[in-house]
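Student: If you scroll down you'll find the structure; I have some questions about it.
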Amino acid sequence: MENNIRAIALDVLLKIEQNQAYSNLQLNQTLQNTSIKSVDKGLLTNIVYGTIQRKNTIDFYLEQLLNKPIKKKDRWVLTLLRLSIFQMLYLDRVPDHAIIHEAVEITKQRGNQGLAGLVNGILRKLQREGTEAMDKKASEGSEKEALAYSMPQWLYNRWSEQFGQEDAKNMAESNLLASPVTARVNVNKTKREDVLQLLEEEGVLAEEGELSPEGIIIKEGYLPGTEVYKNGLVTIQDESSMLVAQAVAPVPGENILDTCAAPGGKSTHMAEMMQGQGKVVSLDLHAHKIDLIKKQADRLGLENIESSVLDARKVSEKFSAGTFDRVLVDAPCSGFGVIRKKPDLKWSKSEEDVMRLTTIQRDILDSASDMVKEGGLLVYSTCTVDKDENDRVADWFLSNHPEFEWDPHFAEKMPETVKSYIMDGRSDLQIMPHYFNSDGFYIAAYRKKTTGGEKHA
């Protein structure tokens, strides 16, 4: 079975490379469509994510271990070597000799005897000599740190400049850890304590979360395979992401707009908070993503979500100004807060991507802000940690929209655990991955000023 798991891991990694597929989507599809024991699902996940997370460090070693480049037609061997080296250096579940044997057997099945000899020779050399001599060839300073934490140099430098060396190191280190599986309890159907009991009966161990009253953390077991999940009692969602709906704080009977809603985690959270009363209008640019929102809503038994395909920058073409009580802009972003779940992001994004995204984020905020009623709320959020996409966009918005102000009630909506991260005079929050072992997330909340009468939100 171990050999099969490594062969499956190789197939997943090759699909991610060749199809430029997101690692989390490709892995989840494999886990759902392949008959694998629960314990082996964990090993497969570790190998796939770990190999991608440590890519540049592993490649640094490979460059020194290889005497000559591998032929283009045999490039799959590089991926096999990467996942084997990852296991030898960073996992202790299987001894080196077994990893080497399995890699050679996979090579024989897929290639030829010559390639099998190459794989055997490289891995035996690593086993024999270790990495100490190779490590000495790494440059000093930030270059060495970026390599140690398997970070692109430009991104590590950017974090160091924006947050300082200590936070940059802590964040980079946390992104090499396994991401916990967290879920949100559907309070329309059940209570958190009841879900914990039901999961235990199904062999899944979970505990209460730290950031959300609806959050749970899975300690052991496969949540999507449970009846609890299938019956719509929970939604898989990171705890820091759950804070977004708390910032919006929808009230039953209101009209809510979620401008960039797929796959629907925040839309369904808000719909649950509204107890089926009122309406959440969920938009996304892509039709196939709208289907994801509908499937989520159906599984959770939510009938107060109306989803449709629309570019968030063109909301005025479908809705009149001031239509909504509260508007959420969970904007497209670099995703640097979710690297643990999508480790390929750090290799596929560039500084140019960040700057391109800030333009889109501003355009969406511009359009969406017109949809807010006087006295209503506008919430901006991203799953990144980059200042250009977060507080600098938030400040730009306030500077260019004098009809808005910071939400005066933002801090009181947030849990006590995060209040120390909210600066005086502001209504925004930056959570780093190493703060609470969660995703990195940014939330900014604004209130639209009233020209007279009662304050709405």
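Student: Can residue 334 be described as assigned to a loop (DSSP other than H, G, I, E, B), crowded, with 20+ Cβ neighbours inside 10 Å and among the polar types (S, T, N, Q)?
Tutor: yes
Student: Residue by residue through region 118-159, note down the ones that are closer than 16 Å to residue 350 by Cα and open to solvent by less than 30 Å² (accessible area, probe 1.4 Å). Don't jump to the end; show me each part of the working.
Tutor: Step one: list which residues in region 118-159 are closer than 16 Å to residue 350 by Cα, which gives 146, 150-159.
If the condition is that a residue be closer than 16 Å to residue 350 by Cα and open to solvent by less than 30 Å² (accessible area, probe 1.4 Å), then 146, 150, 151, 152, 155, 156, 158, 159 are the ones that fit.
Student: Give 295, 266, 341 a once-over and let me know the one that is in contact (Cβ under 8 Å) with a residue 60 or more places away in the chain and over 24 Å from residue 249 (Cβ atoms).
Tutor: The conditions single out 341.
Student: Can you work out which of the residues in region 226-241 that are assigned to a helix (DSSP H, G or I) and free of Cβ contacts under 8 Å to residues at least 60 places away in the same chain is surrounded by the most Cβ atoms within 10 Å (Cβ to Cβ)?
Tutor: Narrowing region 226-241 to residues assigned to a helix (DSSP H, G or I): 227-230, 239-241.
Next, from what is left, pick out any that are free of Cβ contacts under 8 Å to residues at least 60 places away in the same chain: 227-229.
Numbers: 227: 11, 228: 25, 229: 20.
For region 226-241, the residue satisfying everything is 228.
Student: A further question follows. Go through region 263-295 and report how many residues are surrounded by fewer than 24 Cβ atoms within 10 Å (Cβ to Cβ) and either at pLDDT below 95 or more than 21 Å from residue 364 (Cβ to Cβ) (or both).
Tutor: 17
Student: Another question, then. Here's a check for you: in region 72-115, which residue that is basic (Lys, Arg) and over 14 Å from residue 8 (Cβ atoms) is most open to solvent (accessible area, probe 1.4 Å)?
Tutor: Just the residues of region 72-115 that are basic (Lys, Arg), to begin with: 72-73, 75, 82, 93, 108, 110.
Add one more test, that the residue is over 14 Å from residue 8 (Cβ atoms), and what stays is 72-73, 75, 82, 93, 108.
Numbers: 72: 178, 73: 147, 75: 123, 82: 31, 93: 113, 108: 91 Å².
My answer is 72.
Student: Six or more apart or on different chains, Cβ atoms under 6 Å: show the pairs whose first residue is in region 63-84 and under 15 Å from residue 117 (Cα atoms) and whose second is modelled with pLDDT of 85 or more and not in a helix (DSSP H, G or I).
Tutor: Filtered contacts from region 63-84: 77/70; 78/70.
A quick yes/no check of all residues on (1) at pLDDT below 95; (2) farther than 16 Å from residue 437 by Cβ:
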position: 163; (1), (2): no, yes
position: 181; (1), (2): yes, no
position: 191; (1), (2): no, yes
position: 196; (1), (2): no, yes
position: 212; (1), (2): yes, no
position: 222; (1), (2): yes, yes
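Student: Next question. Can we say residue 309 is aliphatic (A, V, I, L, M), open to solvent by 30 Å² or more (accessible area, probe 1.4 Å) and either free of Cβ contacts under 8 Å to residues at least 24 places away in the same chain or over 27 Å from residue 403 (Cβ atoms) (or both)?
Tutor: yes
Student: Within region 236-264, track down each residue that is over 28 Å from residue 447 (Cβ atoms) and either β-branched (Val, Ile, Thr) or in contact with a strand residue (DSSP E or B) (Cβ under 8 Å, 6 or more places away or on another chain) (or both).
Tutor: At the first step, the residues of region 236-264 found to be over 28 Å from residue 447 (Cβ atoms) are 236, 263.
Hit for region 236-264 is 236, nothing else.
Student: Continuing with this model, one more query. State the number of residues belonging to region 1-27 that are more than 18 Å from residue 86 (Cβ to Cβ) and modelled with pLDDT of 90 or more. Spell out how you get there, then give the answer.
Tutor: If we filter region 1-27 for residues that are more than 18 Å from residue 86 (Cβ to Cβ), which is where we start, we get 1, 18-22, 25.
Next, only the ones that are modelled with pLDDT of 90 or more stay: none.
The total comes to 0.
Student: Can you name the condition, by its number, that residue 394 falls short on among (1) assigned to a helix (DSSP H, G or I); (2) touching a strand residue (DSSP E or B) at 6+ places or on another chain (Cβ under 6 Å); (3) surrounded by fewer than 16 Cβ atoms within 10 Å (Cβ to Cβ)?
Tutor: (3)
Student: Pull up region 25-70, narrow it to residues that are charged (D, E, K, R), open to solvent by 70 Å² or more (accessible area, probe 1.4 Å) and in a loop (DSSP other than H, G, I, E, B), then point me to the one that is farthest from residue 136 (Cα to Cα).
Tutor: Step one: filter region 25-70 for residues charged (D, E, K, R), giving 37, 40-41, 54-55, 59, 63, 68.
Adding the requirement that they be open to solvent by 70 Å² or more (accessible area, probe 1.4 Å) leaves 37, 55, 63, 68.
The next check asks that each one be in a loop (DSSP other than H, G, I, E, B); those that pass are 37, 68.
On the way: 37: 41, 68: 21 Å.
Here the residue is 37.
Student: Considering only region 190-218, state which residues are in a loop (DSSP other than H, G, I, E, B), β-branched (Val, Ile, Thr) and open to solvent by 20 Å² or more (accessible area, probe 1.4 Å).
Tutor: Residues of region 190-218 in a loop (DSSP other than H, G, I, E, B): 190-191, 202-204, 209-214.
Retained after the next criterion (residues that are β-branched (Val, Ile, Thr)): 190, 204.
The one that is in a loop (DSSP other than H, G, I, E, B), β-branched (Val, Ile, Thr) and open to solvent by 20 Å² or more (accessible area, probe 1.4 Å): 190.
Student: Go through region 10-24 and report how many residues are assigned to a helix (DSSP H, G or I) and either touching a residue at least 40 places away in the same chain (Cβ under 8 Å) or touching a Phe, Trp or Tyr at 6+ places or on another chain (Cβ under 6 Å) (or both).
Tutor: Applying the first criterion (assigned to a helix (DSSP H, G or I)) to region 10-24 yields 10-19, 23-24.
When the remaining residues are screened for being either touching a residue at least 40 places away in the same chain (Cβ under 8 Å) or touching a Phe, Trp or Tyr at 6+ places or on another chain (Cβ under 6 Å) (or both), the result is 10, 13-14, 16-17, 23-24.
Of the residues in that region, 7 qualify.
Student: Out of the residues in region 349-369 that are within 11 Å of residue 314 (Cα to Cα) and open to solvent by 30 Å² or more (accessible area, probe 1.4 Å), which is farthest from the chain's Cα centre (by Cα)?
Tutor: 366
Student: Something else about it: Determine, yes or no, whether residue 449 is of a type in the set (D, E, K, R) and farther than 19 Å from residue 257 by Cα. Walk me through it before giving the result.
Tutor: Working: of a type in the set (D, E, K, R): yes; farther than 19 Å from residue 257 by Cα: no.
In short, no.
Student: May I ask you to list the residues in region 404-428 that are farther than 25 Å from residue 374 by Cβ and either among the polar types (S, T, N, Q) or in a helix (DSSP H, G or I) (or both)?
Tutor: Hits for region 404-428 are 416, 417, 418, 419, 420, 421.
Student: Could I ask something else about it? Given the criteria buried (at least 19 other Cβ atoms within 10 Å of the Cβ), more than 19 Å from the chain's Cα centre (by Cα) and at negative phi, does residue 327 qualify?
Tutor: Numbers: buried (at least 19 other Cβ atoms within 10 Å of the Cβ): yes; more than 19 Å from the chain's Cα centre (by Cα): yes; at negative phi: yes.
Answer is yes for this residue.
The values are calculated or read from the model by the stated rules, or taken from the named source; none is laboratory data. This structure is a prediction, so every number in the text was calculated from the model and none was measured. All Cβ positions, even for glycine, are placed from backbone atoms using ideal geometry, and neighbour counts span all protein chains on display. These area figures cover heavy atoms from the full protein model, side chains too; ligands, DNA and RNA do not enter into them. Shrake-Rupley method; radii C 1.70, N 1.55, O 1.52, S 1.80 Å.
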